[in-house]
1. Could you list which residues have their amide H under 5 Å from that of residue A:256, counting only those 5 or more apart in sequence or on another chain, with H placed in the peptide plane?
2. If the viscosity is 1.306 mPa s and the temperature 10 °C, what translational diffusion coefficient in µm²/s does Stokes-Einstein give for the range A:155-205 when Rh comes from Kirkwood over Cα pairs?
3. Please give the charge dipole size of chain A, origin at the Cα centre, charges +1 on K and R Cβ atoms and -1 on D and E Cβ atoms. Round to the nearest 20 debye.
4. At 7 Å along Cα-to-Cβ for each site, give me the label-to-label distance between residue A:311 and residue B:49 in nm.
5. Between residue B:31 and residue A:263, what is the FRET efficiency for a Förster distance of 41 Å, r being their Cβ-Cβ separation, to the nearest 0.05?
6. Could you work out the mean projected area of the convex hull around the alpha carbons of chain B, in square nanometres to one decimal?
7. Between the range B:28-75 and the range A:162-185, how far is it from one alpha carbon centroid to the other, in angstrom?
8. For the protein assembly as shown, would you read off the P(r) tail past 34 Å as a percentage of all alpha carbon pairs?
Amino acid sequence: MSSAFKKVGIIGNGRMAKECAVLLNAFDPSGCKLVRVVVDGSKNNISADFEKYCQNMASDYIVSDNINNDETLAYLNSGDLDFVFSINNHQIIRDALLAIPVGGIINFHNGPLPRYGGLNACSWAIYNGEIHHGVTWHYVSQGVDNGDIIAQRCFDIEPDSTALKLVMKCINEGIGLFKEILPSILVGENVRIEQDPTKRLFYYSRQIPGEGVIDFSGDYASIDRLVRALNYNPLANPLGNPCGMVNGKVFYVDKVRLARPVLEGIPGQVLCTKDRFEIQVRDAVIEIVEIRDEMGMRVPVKRLIDKYDIMPGMKTEKR
Amino acid sequence: MKDFDLDKIIVIIKEMKNDQSVNGQTPLLDSGFLDSFDIITLVSQLEETFQVMVPGDEIIPENFNTVEDIAAMVQKQKET
């Protein structure tokens, strides 16, 4: 390594990058110093947590919407870096960047690798009915999310968790785990566990749980999982809200609840529309509690019932 | 903009931030007083308190810079 203390960089954004920077800056300066920060500028961030923190700390940082470009590589190269942490970084790390820190690049992933690699791990975990989830700190290698694992932490998924709530839980768990593993990483005593490729589960950006379409002839539990898996409220949804169709018009669902575990009609049939939107599914009557119109705007359920002329006995259609 | 809306928003934020001092003009984002997690929590509280729906495209820094900005955004949602 290049000096008595370790020179560390961060590439990332959001609250998690900020909290990890806080931990690094609070660490014994004879152990490490945060000397390079690249704020991932490829995605909008509501409050720009990380950049604000860097500004307030008068830290040396750059914002980059292409972390592999010459300017960013030169900035990082000049830091004589031992390690780089990639935290909530949405850009692929290419070979030239990977070669810069002598101790490697360490990435945070919000899934229990080798399961749930790739994108939207939290949505897929909920959709698949997992009751546990996990977060992973791992080395970046030439593949995607397949480098050696340094540490993992597993936890329960709450039965009513939405995708966003699980993302937030992953971030909090990931920050706690970072605090635990940082000392061992800095002295080179961390573990490295090779990922078992036979257990790999990977999702691409083009994949969407349930194709984003609600099948009202299915059972309540699977419909509820799909709706929660695609609920990022109040933030904009990266995957699109799950949709249904009735009376020739499309609607999007943010939340359902079990009304009655009974059969009162044919699966897919609308049952009650006075001020509640109830639909018979395979094993129960469900109520659509939060809904969006065809434009994706959240509207009161009653307003949508009136606007769409929804009547009892109508059948939901497949879009 | 009604004063009691401002007061209600201030109460919500104070409860979230362990009673830290805040007023209508306190810079909430530029200072790092609120971070992204706080905003997510705050929006849920605003929706419940004021019976409004805050669309994702309204969750932008311009609407959360100060309590007055938040109140204006809430008022706009009440009118839609």
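1. For residue A:256, whose amide H was placed from the backbone, the distant partners under 5 Å are A:289.
2. Estimated diffusion coefficient is 115 µm²/s.
3. 560 debye
4. For residue A:311 paired with residue B:49, the spin-label model returns 4.4 nm.
5. With R0 = 41 Å, the Cβ-Cβ based efficiency is 0.15.
6. Result: 4.7 nm².
7. 25 Å
8. For the protein assembly as shown, the fraction of Cα-Cα distances above 34 Å is 38 percent.
Where a number appears in this text, it was derived from the coordinates with a stated rule and is not lab data. Note that the coordinates shown come from a computational prediction; the quantities given were computed from them, not determined experimentally. Cβ atoms come from the backbone with ideal geometry, glycine included; neighbour counts cover every protein chain shown.
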